[in-house]
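The values are calculated or read from the model by the stated rules, or taken from the named source; none is laboratory data. The shown structure was predicted, so the numbers you read here are calculated from the model rather than taken from an experiment. No Cβ is skipped: glycine too gets one built from the backbone with ideal geometry, and neighbour counts run over all protein chains shown.
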Amino acid sequence: MDNKVAAVTMRNITKRFGTVLANDRVWLNIYRGEILALLGENGSGKTTLMNMLSGIYFPDEGEIAIDGKPVVIRSPRDAFDLGIGMIHQHFKLVDVLSATENIVLGLEGRLDLKTAARKIREICDAYGFEVDPNQKIYDMSVSQKQTVEIVKVLYRGADILILDEPTAVLTPQETDKLFAVLRNMRDDGKAIVIITHKMHEVETLSDRVAILRNGQFIGDMPTKNTNAQEMTNMMVGHPVVLNINRPEPVNPRPRIEVKNLTVRDIEGAVKLDNVSFTAMSGEILGIAGISGSGQKELLEAIAGLQPVESGSIEYIGDDGRREQLIGKDPLAIKELGVALSFVPEDRLGMGLVGNMDIGNNMMLRSYRSGRSFFTNRRDPYKLAHQMVDFLEISTPSVETPVRRLSGGNVQKVLVGREIANAPSVLLTAYAVRGLDINSSYLIYDTINSQKMRGVAVLYVGEDLDVLLELCDRILVLCGGKVSGIVPGPGAKKRDVGMMMTKLGGNADE
Amino acid sequence: MNKKTKTPLFHVAKRAALPWYKTWAIRGAALLLALVLCGAVTSLVTGENPFAVYGAIWKGSFGTTRKIWVLLQNIAMLLCVSLAVTPAFRMRCWNLGAEGQALIGALACAACMITLAGRLPNWAIILCMVVSSLLAGAVWAGIPAFFKARYNTNETLFTLMMNYVAAQLVAYFCVVWESPKGSGTIGIINQKTEIGWIPQFPSQKYLLNILVVAVLCVLIYIYLNYSKQGYEIAVVGESERTARYVGIKVERVILRTMLLSGAICGLAGLLLVGSTNHTLTASIVDGRGFTAVMVSWLAKFNPIGMIFTSFLLVFLGRGAGEIATKFGLNRSFGDILTGIILFCIIGSEFFINYEIKLTRGAGKEG
């Protein structure tokens, strides 16, 4: 089918942010009746390229043609008029409105919610969506919200759909459902682009794959003519070994003992319900669950950042001493002699200060040392230099504000600082979220080396494939309760997925 | 869908960091543009020769030795209040109550001078003035800080409202302590005895204030940039969650910083009443609490930069007064010129952070 006209042709597209070249003379064709996977590491320019198609950015150079006709897309409205709709990673929905109200929001003409709801049902029936037009957004799960976003674009007549990492927030079961819907839409003649860096999704879903690296277009090919290894090599630019090490746990002894932990948020909703487990030294305990199942509260409770309603969290030292951590803030925990490190999910909003440079961020943990009224700036900057060399952080200098660094380098700064004070407990939340393959493997290696040092590691993750390969045991959370604890080696992805959605996981599907 | 498409002529893009000389070149160009605009407006509206107007502005500040001293004194007082609000601003805590905090400091100072005269030796009275002024300012800032730390109230509104309370208190005590009776004003306190007048350098009425503020400026700079407390202020300002995450007690930092902020405002009140004016009126702070917000922002919260921004604002203000009297223009005309200049200077920041890119091949039709 070489002679069909491309739905979208992007020619020679270049986009700069300051000195950063986000897209460098990219050529890309998108066809109807086809699912195109846009593959690339973080910072390779996938999202930027698609944002130019959906009118969020304007290209510095280059041309865009729809069905062979050159167009200029200045705003999302222009994009909608051309039938282009993008589903972003972060949903743009109004919580207190219903699905229908969100979908018609911003449309011109008379407001007729009944007709709109009927039309929405028709769309849902046609493609196999499950959504109640009258349900409020705040009542919806993440996957339902995503469905609303997709229906919103379809309702507005889009026939070119772009999905930016749609599966990042979904369970394996929800992902399967989404993929089925996307295939229906493809068969209906729509052009679909999915941005991702998960290889297995590319293989199961897409018809064609296009690969970007450092803002440049590397190549495209039919998915069936390639394989994960080849695509990875193209993405990274050199051959990569796709295996995560899992060394045997060293001398595991109880380190953190959590008993009957219950946590409520400010509104009084139960976030953790009677959670009990023991984390061992020299072991990686994975924590799986749909996002919002209590992972954040669990780590923050251990770190002394989350008020606890009841239960106990005890630290057990090498000499057998026990310290109760509940009711103590991070400073008090440190003063007990408990070396607890925490790599939080929100790196720039919690773990680091974006506007400060690397040296100043290293200082966050150590600035109190010494009796002087003034800060010691020499040691943190020395540490910063060491970290830049040791973790291969690419930065103009240690005086560069960390918000200017790419996601992977930001995470390296954070992880580097947290392991610098020789922890005995290491809490990590989504340690490789948004990181490219190279950085991810460096982080896995770093976490493994901490494990070999005898550190008790709690690893909250979202990619089940990684959890299954990396962790010695996996604790599955479901709605704030412990759904089960399974040994990492030999665990089945499907079983863990079930446990995430249903307590105990023994589903009858 | 065959509508005519127009390529936009330009679009705005974020710049990479510019080298320092380019940013100053842009700011210089903005100032130049401002002067040209001011000249044009002046000739068009009043028919005066713009160069004569510029000359008058210059003379307003540098015309006589006395004028230079007044200029320096005004800079010092404005800078003092600006230094006071800056620690709070660095913490992203918008203390708009500097006016009231300085006023309440002035009130405390005047109270010591009036009520303690003759009951304590002069040095003890001055000591009481210093302590009570700083304390009064600190309390005035501490009240909103306490509620912000404890109940997360909005400090902007709270501190703003405290200004009015302070102004009313001062107005009340102006009547209580009026002298002579029936005037409703205090007049010069202890004019004959000079009790409670802070000793000055011989024949240099303003030098003490200027030196105090200069030292303070350096101290605040060091405090904010090199002390542990200054570091905590920066972290809390950037992200409260990060601060909590590393174990900083955010409430304590907010309270401590606002107390400092208020105490320095109190110092400004002390210098105004005890050192130069020796009287108390409700307008003694003269809006500096609000001008200070602009001084601090324009200098991006850098105490050393604030020397220049406070100079700029005082210089423009005095120039405006001079042309009002010299050319018989309304004082508002001076304010118009000040507005034009500030507009250009603040507007130039846009061109430092962003660039305008012309679209190549503009005008082609799709």
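For segment A:44-61, which residues satisfy the criterion of being surrounded by fewer than 20 Cβ atoms within 10 Å (Cβ to Cβ) and touching a Ser or Thr at 6+ places or on another chain (Cβ under 6 Å)?
Result: A:Asp60, A:Glu61.
Give segment A:1-30 a look and list any residue that's part of a loop (DSSP other than H, G, I, E, B) and more than 17 Å from A:Ala210 (Cβ to Cβ), or say none. If you could, list the steps in order and put the result at the bottom.
To start, the set of residues in segment A:1-30 that are part of a loop (DSSP other than H, G, I, E, B) comprises A:1-7, A:18-19.
Matches in segment A:1-30: A:Asn3, A:Val5, A:Gly18, A:Thr19.
Pick from A:Pro307, A:Pro247: which is surrounded by fewer than 16 Cβ atoms within 10 Å (Cβ to Cβ) and not assigned by TED's automatic domain parsing to the domain that holds A:Leu442? Steps first, answer last, please.
Numbers: A:Pro307 fails: not assigned by TED's automatic domain parsing to the domain that holds A:Leu442.
That would be A:Pro247, the only listed residue that is surrounded by fewer than 16 Cβ atoms within 10 Å (Cβ to Cβ) and not assigned by TED's automatic domain parsing to the domain that holds A:Leu442.
So if I check each of A:Asp81, A:Asp112, A:Asp159, which one is in contact (Cβ under 8 Å) with a residue 40 or more places away in the chain, over 26 Å from A:Gly479 (Cβ atoms) and either out of contact with any strand residue (DSSP E or B) (no Cβ under 7 Å at 6 or more places or on another chain) or within 14 Å of another protein chain (Cβ to nearest Cβ) (or both)?
Details: A:Asp81 fails: in contact (Cβ under 8 Å) with a residue 40 or more places away in the chain; A:Asp112 fails: in contact (Cβ under 8 Å) with a residue 40 or more places away in the chain.
Just a single option satisfies the conditions, and that option is A:Asp159.
Do we find that A:Arg11 is more than 12 Å from every other protein chain (Cβ to nearest Cβ), surrounded by fewer than 17 Cβ atoms within 10 Å (Cβ to Cβ) and within 22 Å of B:Arg15 (Cα to Cα) in this structure? I'd like the intermediate steps shown before the answer.
Details: more than 12 Å from every other protein chain (Cβ to nearest Cβ): yes; surrounded by fewer than 17 Cβ atoms within 10 Å (Cβ to Cβ): yes; within 22 Å of B:Arg15 (Cα to Cα): no.
Taking the combined requirement at face value, the residue does not satisfy it.
Could you grab me the full set of residues in segment A:166-184 that are of a type outside the set (Gly, Ala, Ser) and modelled with pLDDT of 85 or more? Before you say what the answer is, go through the steps one by one.
Within segment A:166-184, the first condition is being of a type outside the set (Gly, Ala, Ser), and the residues that meet it are A:166-167, A:169-179, A:181-184.
The answer is A:Pro166, A:Thr175, A:Asp176, A:Lys177, A:Leu178, A:Phe179, A:Val181, A:Leu182, A:Arg183, A:Asn184.
Applying the selection to segment A:375-404, what residues are of a type in the set (A, V, I, L, M, F, W, C) and more than 14 Å from chain B (Cβ to nearest Cβ)? Write out each step before concluding.
Step one: filter segment A:375-404 for residues of a type in the set (A, V, I, L, M, F, W, C), giving A:383-384, A:387-388, A:390-391, A:393, A:398, A:402.
Hits for segment A:375-404 are A:Leu383, A:Ala384, A:Met387, A:Val388, A:Phe390, A:Leu391, A:Ile393, A:Val398.
Run A:Ala37 past the list (1) within 14 Å of another protein chain (Cβ to nearest Cβ); (2) on the phi < 0 side of the Ramachandran plot and report the number of the one that doesn't hold.
Going through (1) within 14 Å of another protein chain (Cβ to nearest Cβ); (2) on the phi < 0 side of the Ramachandran plot one by one, A:Ala37 breaks only (1).
To keep it simple, each residue is scored yes or no on (1) surrounded by fewer than 16 Cβ atoms within 10 Å (Cβ to Cβ); (2) not in a helix (DSSP H, G or I).
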{"position": "A:Lys119", "(1), (2)": "no, no"}
{"position": "A:Val131", "(1), (2)": "no, yes"}
{"position": "A:Asn134", "(1), (2)": "yes, yes"}
{"position": "A:Ser143", "(1), (2)": "no, no"}
{"position": "A:Glu149", "(1), (2)": "no, no"}
{"position": "A:Leu154", "(1), (2)": "no, no"}
{"position": "A:Ala158", "(1), (2)": "no, yes"}
{"position": "A:Glu174", "(1), (2)": "no, no"}
{"position": "A:Lys177", "(1), (2)": "no, no"}
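Here are A:Ser312, A:Ser341: which of them is part of a strand (DSSP E or B) and within 12 Å of chain B (Cβ to nearest Cβ)? Reasoning before the result, please.
On the way: A:Ser312 fails: within 12 Å of chain B (Cβ to nearest Cβ).
None of the other options fit; the residue is A:Ser341.
Hey, among A:Gly237, A:Gly286, which residue is touching a Lys or Arg at 6+ places or on another chain (Cβ under 9 Å) and within 19 Å of A:Ile474 (Cβ to Cβ)? Step through it out loud before you land on a result.
Numbers: A:Gly237 fails: within 19 Å of A:Ile474 (Cβ to Cβ).
Criteria check complete, one pass: A:Gly286.
Which residue is surrounded by the fewest Cβ atoms within 10 Å (Cβ to Cβ), if the candidates are limited to segment A:347-362 and must be free of Cβ contacts under 8 Å to residues at least 24 places away in the same chain and within 7 Å of chain B (Cβ to nearest Cβ)? Spell out how you get there, then give the answer.
Of all residues in segment A:347-362, those free of Cβ contacts under 8 Å to residues at least 24 places away in the same chain come to A:349-350, A:360.
Within this subset, residues satisfying the condition of being within 7 Å of chain B (Cβ to nearest Cβ) are A:349-350.
Working: A:Gly349: 16, A:Met350: 23.
In this case the residue turns out to be A:Gly349.
So in segment B:306-360, with the set limited to residues that are within 14 Å of chain A (Cβ to nearest Cβ) and in a loop (DSSP other than H, G, I, E, B), which one is modelled with the lowest pLDDT? Lay out the reasoning, then the answer.
Of segment B:306-360, the ones within 14 Å of chain A (Cβ to nearest Cβ) are B:352-360.
In the following step, the residues that additionally are in a loop (DSSP other than H, G, I, E, B) were identified as B:359-360.
Values: B:Thr359: 62, B:Arg360: 55.
Step by step, filter segment B:306-360, then rank; the result is B:Arg360.
For segment A:388-413: of the residues being surrounded by fewer than 22 Cβ atoms within 10 Å (Cβ to Cβ) and part of a helix (DSSP H, G or I), which is modelled with the lowest pLDDT?
Checked segment A:388-413; the qualifying residue modelled with the lowest pLDDT is A:Gly407.
Report yes if some residue within segment B:72-85 is surrounded by fewer than 17 Cβ atoms within 10 Å (Cβ to Cβ), assigned to a helix (DSSP H, G or I) and in contact with a Ser or Thr (Cβ under 8 Å, 6 or more places away or on another chain); otherwise report no. Don't jump to the end; show me each part of the working.
If we filter segment B:72-85 for residues that are surrounded by fewer than 17 Cβ atoms within 10 Å (Cβ to Cβ), which is where we start, we get none.
So far as segment B:72-85 goes, no, none of its residues is surrounded by fewer than 17 Cβ atoms within 10 Å (Cβ to Cβ), assigned to a helix (DSSP H, G or I) and in contact with a Ser or Thr (Cβ under 8 Å, 6 or more places away or on another chain).
From B:Gly289, B:Gly266, grab the single residue that is over 11 Å from the mean Cα position of the chain (by Cα), buried (at least 24 other Cβ atoms within 10 Å of the Cβ) and not in a loop (DSSP other than H, G, I, E, B). Break it down stepwise before answering.
Numbers: B:Gly289 fails: over 11 Å from the mean Cα position of the chain (by Cα).
Among B:Gly289, B:Gly266, only B:Gly266 is over 11 Å from the mean Cα position of the chain (by Cα), buried (at least 24 other Cβ atoms within 10 Å of the Cβ) and not in a loop (DSSP other than H, G, I, E, B).
Check whether at least one residue in segment B:9-25 is more than 14 Å from chain A (Cβ to nearest Cβ), more than 15 Å from the chain's Cα centre (by Cα) and outside any helix (DSSP H, G or I), and report yes or no.
Looking for residues that are more than 14 Å from chain A (Cβ to nearest Cβ), more than 15 Å from the chain's Cα centre (by Cα) and outside any helix (DSSP H, G or I), one finds none in segment B:9-25, hence no.
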